[in-house]
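Student: Attaching a single structure in structure tokens format; questions to follow.
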């Protein structure tokens with residue numbers, strides 16, 4: 001049977017094919033561990049005469065041991081021969097652990113993580129020139145934006161729009177200045193650095209209105225949000241409240257626009273910067289956006305200085321990091337897909353999307369959910385192996 005392997009090593013992911021049982025069975029590869037979802041490596045079952053992997057250990061193995069096919073007692077989670085492992089795994093005798101492997105050929109392919117879209121909707125109203133500590137809010141916001149885009153370069157596809165716009169109509173927005181796309185970090189840094197100068201059109205010295213409603217209306221039309229192959233988000237950051245305009249319905253209009261975006265699959269994060277925000281409005285925006293904070297009273301991200309703004313943006317950025325991988329080749333049999341973290345820990349398929357992974361044949365993408373996704377985002381997982389039909393570890 002053919003086997004296909006793909007590396008991305010996180011940035012890479014290993015994709016392989018070969019022989020094995022049906023995907024998503026309740027038995028993790030390497031069985032025997034207490035955690036049926038993640039603990040692979042080593043034989044399964046209890047030791048002694050009842051061991052399904054090896055019979056005839058005499059005397060019977062201790063409670064914390066297994067009877068190997070070699071008829072010797074071994075520690076749970078270990079192996080002494082290939083027969084101590086479930087189908088699709090072999091015993092690494094040097095390490096005494098089960099690893100993906102088998103007697104099938106390898107056809108290497110590639111797979112790539114899919115970065116999410118994030119459009120930043122940034123307030124440049126006149127109040128952004130107010131000073132916090134030794135800097136004005138605009139300087140702090142620009143520095144925070146540059147830090148976020150630099151930190152998450154190539155891991156998020158950024159875009160940027162500012163409100164009020166430099167368009168002649170102070171209450172409406174024209175064209176998004178930097179639409180969401182890969183490699184926008186330098187464009188954003190250049191625009192914002194230039195905007196620190198009082199002579200720049202984007203410096204926050206007028207018009208002195210806060211048109212959150214039409215800013216979000218403009219954001220809702222971002223073309224990149226129509227890309228069904230990746231996640232998309234908006235990030236609204238303001239230091240005040242709707243003021244001087246209501247062309248798109250004021251606060252009620254903003255709630256509807258943001259809610260419609262969330263329904264369409266584009267959640268909105270909301271950041272309030274400084275003491276002048278209207279908490280009730282931002283709470284309603286954050287709830288409508290579908291990704292509120294867990295705070296019982298403040299549903300948006302409140303930032304009062306440079307440090308807390310950096311923290312808020314880092315938290316939001318991390319929540320958008322991709323757990324979606326596009327496979328360069330289509331699995332021969334979508335019902336026979338196996339997934340390992342760090343080669344030995346199996347992650348089970350979960351069609352409910354609570355914890356594990358699922359495969360979408362329409363896009364040829366595999367997406368992780370719950371704790372599995374969190375482990376990828378945090379860097380706890382150093383590589384991922386996706387196996388089609390039979391397992392084979394990389395050389």
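Student: Just to check your reading of the model, which residue among 175, 149 is surrounded by 15 or more Cβ atoms within 10 Å (Cβ to Cβ), under 32 Å from the mean Cα position of the chain (by Cα) and either assigned by TED's automatic domain parsing to the domain that holds residue 362 or over 24 Å from residue 287 (Cβ atoms) (or both)? Spell out the reasoning first.
Tutor: Values: 175 fails: surrounded by 15 or more Cβ atoms within 10 Å (Cβ to Cβ).
Of 175, 149, the one residue that is surrounded by 15 or more Cβ atoms within 10 Å (Cβ to Cβ), under 32 Å from the mean Cα position of the chain (by Cα) and either assigned by TED's automatic domain parsing to the domain that holds residue 362 or over 24 Å from residue 287 (Cβ atoms) (or both) is 149.
Student: Now for a different question. Looking only at strands (runs of 3 or more DSSP E) that lie completely in region 287-395, which have at least 2 residues being more than 27 Å from residue 263 (Cβ to Cβ)?
Tutor: On the way: elements: 301-303, 324-327, 337-341, 345-347, 356-360, 365-369, 384-388.
Correct list: 337-341, 345-347, 384-388.
Student: Looking at this structure, is residue 124 at pLDDT below 95 and within 26 Å of residue 308 (Cβ to Cβ)? Spell out how you get there, then give the answer.
Tutor: Working: at pLDDT below 95: no; within 26 Å of residue 308 (Cβ to Cβ): yes.
No, not satisfied.
Student: Across region 197-225, which residue is farthest from residue 176 (Cα to Cα) among those that are part of a loop (DSSP other than H, G, I, E, B) and touching a helix residue (DSSP H, G or I) at 6+ places or on another chain (Cβ under 6 Å)? I'd like the intermediate steps shown before the answer.
Tutor: Start the filter on region 197-225 by keeping residues that are part of a loop (DSSP other than H, G, I, E, B), which leaves 197-209, 211, 221-222.
Next, from what is left, pick out any that are touching a helix residue (DSSP H, G or I) at 6+ places or on another chain (Cβ under 6 Å): 200, 204, 208.
Numbers: 200: 17, 204: 17, 208: 19 Å.
Only one residue fits best here, namely 208.
Student: Any residue at all in region 269-283 that is within 24 Å of the chain's Cα centre (by Cα) and within 19 Å of residue 129 (Cβ to Cβ)?
Tutor: Yes, some residue in region 269-283 is within 24 Å of the chain's Cα centre (by Cα) and within 19 Å of residue 129 (Cβ to Cβ).
Student: Right, another one. Which residues, taken from region 143-172, are under 14 Å from residue 203 (Cβ atoms) and out of contact with any strand residue (DSSP E or B) (no Cβ under 9 Å at 6 or more places or on another chain)?
Tutor: 165, 166
Student: Looking at region 246-273, which of its residues are in a loop (DSSP other than H, G, I, E, B) and out of contact with any helix residue (DSSP H, G or I) (no Cβ under 7 Å at 6 or more places or on another chain)?
Tutor: First, pick out the residues of region 246-273 that are in a loop (DSSP other than H, G, I, E, B): 246-249, 264-267.
Hits for region 246-273 are 264, 265.
Student: So, of the residues in region 277-296 that are in contact (Cβ under 8 Å) with a residue 12 or more places away in the chain and out of contact with any helix residue (DSSP H, G or I) (no Cβ under 6 Å at 6 or more places or on another chain), which turns out to be nearest to residue 142 (Cα to Cα)?
Tutor: 277
Student: Would a scan of region 302-309 turn up a residue that is surrounded by fewer than 18 Cβ atoms within 10 Å (Cβ to Cβ), outside the structural domain of residue 89 (by TED's automatic domain parsing) and closer than 19 Å to residue 251 by Cα? Step through it out loud before you land on a result.
Tutor: Our first condition is that a residue be surrounded by fewer than 18 Cβ atoms within 10 Å (Cβ to Cβ); within region 302-309, this holds for 304-305, 307-308.
Those still in the list that are outside the structural domain of residue 89 (by TED's automatic domain parsing) too: 304-305, 307-308.
Add one more test, that the residue is closer than 19 Å to residue 251 by Cα, and what stays is none.
Looking through region 302-309, none of the residues is surrounded by fewer than 18 Cβ atoms within 10 Å (Cβ to Cβ), outside the structural domain of residue 89 (by TED's automatic domain parsing) and closer than 19 Å to residue 251 by Cα.
The values are calculated or read from the model by the stated rules, or taken from the named source; none is laboratory data. Bear in mind that the values here come from a model prediction, so they are computed numbers and not experimental data. Neighbour counts run over all protein chains shown; Cβ positions are idealised from the backbone, glycine included.
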